[in-house]
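These notes concern the structure reproduced below.
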Protein chains: 2
Amino acid sequence: MKKTQKRSECPISRTLDLFGDKWTLLIIRDIAFKGHRFYNEFLDSDEGIATNVLSDRLKMLETKGFLVSKKYEQLKTKKVYTLTDEGIGLIPLVLDMLVWGYKFDNSLAVQPGIIERIENDRDNFIAEIVTALKNYDAKNFC
Amino acid sequence: MKKTQKRSECPISRTLDLFGDKWTLLIIRDIAFKGHRFYNEFLDSDEGIATNVLSDRLKMLETKGFLVSKKYEQLKTKKVYTLTDEGIGLIPLVLDMLVWGYKFDNSLAVQPGIIERIENDRDNFIAEIVTALKNYDAKNFC
DNA sequence: TTGCTCACTTGTTTTTTGCAAGTAAGAAGA
DNA sequence: TCTTCTTACTTGCAAAAAACAAGTGAGCAA
């Protein structure tokens, strides 16, 4: 599993210890902004994560308490992955990456009006995302 | 140099293409929040970046336009690294990592009151950091 | 001219990632 | 019951990146 050892007492460094890689926050994005819940949905994302890296990151996220998995009762070979409250706490960070990425290159794909909402109505917007998540009704924002 | 190829049209993924590693944003932190300007100052940070990785990341950041380097006139073996406006645009992202890291583990070291300022007075606070930077008077926040 | 400082580069080992293939458990059809 | 899928992984190997140690060359300083 990816190392998450503490390199220093700086909280920025600590955040990067945990999420300083190209894949972990994409899994959070997939759950929060695309409503993905199953292994094969994560595998099929546009970026093309490798199956062993996905397996590794899901384990790390579960071990650290950012998500939980349980058996999917409708089809018992499947597992459902959902964010814990700790995992939901990552949404602001991912939203800022969305804003930054769009400002860096505004030819990238985003839903209309979303940048303005994140900037001007941030707290309500986050609350809406969380509600949608809990109702299994996440919107696709990118 | 670290790969920064575009994996998809998603702006979150694009941000991670550029900054999804354990070191690049620490250099931005060092400049913005610690006032570091010289190669050996970055090298001496608590996290212990390797000299080849530092060299690589500085090159990438300069190539992509997030910072510029020029000869230090007082001592010509030295180079001064400073953020461009593009680089300054990364400060909000790094601030959110500070907040997230501290909430994840509030035994980590931060200046008193800083979390509240980031959350309640974000725009002014960012403006202050930028002003301090331009006056070569950056504060150490972590 | 000798010995520093400084910003790197080079070479080697270790770790992590990427890719292809395989596996085991459960479902679904004959 | 037997075979064949699907699903969530694991395994093995090659390639890339990071870590570590040791240079190098340009500019000062005595």
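Within the range A:64-142, which helices (runs of 4 or more DSSP H) (wholly inside it) include 2 or more residues that are among the aromatic types (Phe, Trp, Tyr)?
In the range A:64-142, A:91-104 are the helices (runs of 4 or more DSSP H) which contain 2 or more residues that are among the aromatic types (Phe, Trp, Tyr).
Scanning the range A:23-45 for residues that are facing chain B (nearest Cβ under 7 Å) and touching a residue at least 24 places away in the same chain (Cβ under 8 Å) turns up A:25, A:29. For residues in the range B:67-79 being among the hydrophobic types (A, V, I, L, M, F, W, C) and more than 8 Å from DNA strand C (Cβ to nearest atom), which is farthest from the chain's Cα centre (by Cα)? This residue is B:68.
Assess whether residue B:12 counts as being in a helix (DSSP H, G or I), among the β-branched types (Val, Ile, Thr) and either touching a Phe, Trp or Tyr at 6+ places or on another chain (Cβ under 7 Å) or touching a residue at least 12 places away in the same chain (Cβ under 8 Å) (or both). Answer is no for this residue. Among the criteria (1) surrounded by 20 or more Cβ atoms within 10 Å (Cβ to Cβ); (2) more than 10 Å from DNA strand D (Cβ to nearest atom), the one residue B:24 does not fulfil is (2). Within 13 Å of DNA strand C (Cβ to nearest atom) and crowded, with 17+ Cβ neighbours inside 10 Å: is that true of residue B:16 in this structure? Yes.
Which one is surrounded by the most Cβ atoms within 10 Å (Cβ to Cβ), of the residues in the range A:46-88 that are within 10 Å of DNA strand D (Cβ to nearest atom) and within 14 Å of chain B (Cβ to nearest Cβ)? Please lay out each step first, then the result.
Here is the first cut: in the range A:46-88, the residues within 10 Å of DNA strand D (Cβ to nearest atom) are A:50-56, A:58-59, A:62, A:69, A:71-72, A:75-81.
This time we only want the ones that are within 14 Å of chain B (Cβ to nearest Cβ), so: A:50, A:53.
Numbers: A:50: 10, A:53: 14.
Among those that are within 10 Å of DNA strand D (Cβ to nearest atom) and within 14 Å of chain B (Cβ to nearest Cβ), it is A:53.
Residue B:66 meets the conditions (1) closer than 18 Å to residue B:19 by Cβ; (2) touching a Lys or Arg at 6+ places or on another chain (Cβ under 9 Å) in every case but one. The failed one is (2).
Values quoted throughout were computed directly from the atomic coordinates according to the rules given, and no laboratory measurement underlies them. From a predicted model like this one, the values you see are computed outputs, not experimental measurements. In this analysis, Cβ positions are derived from the backbone assuming ideal geometry, glycine residues included, and neighbour counts consider all displayed protein chains.
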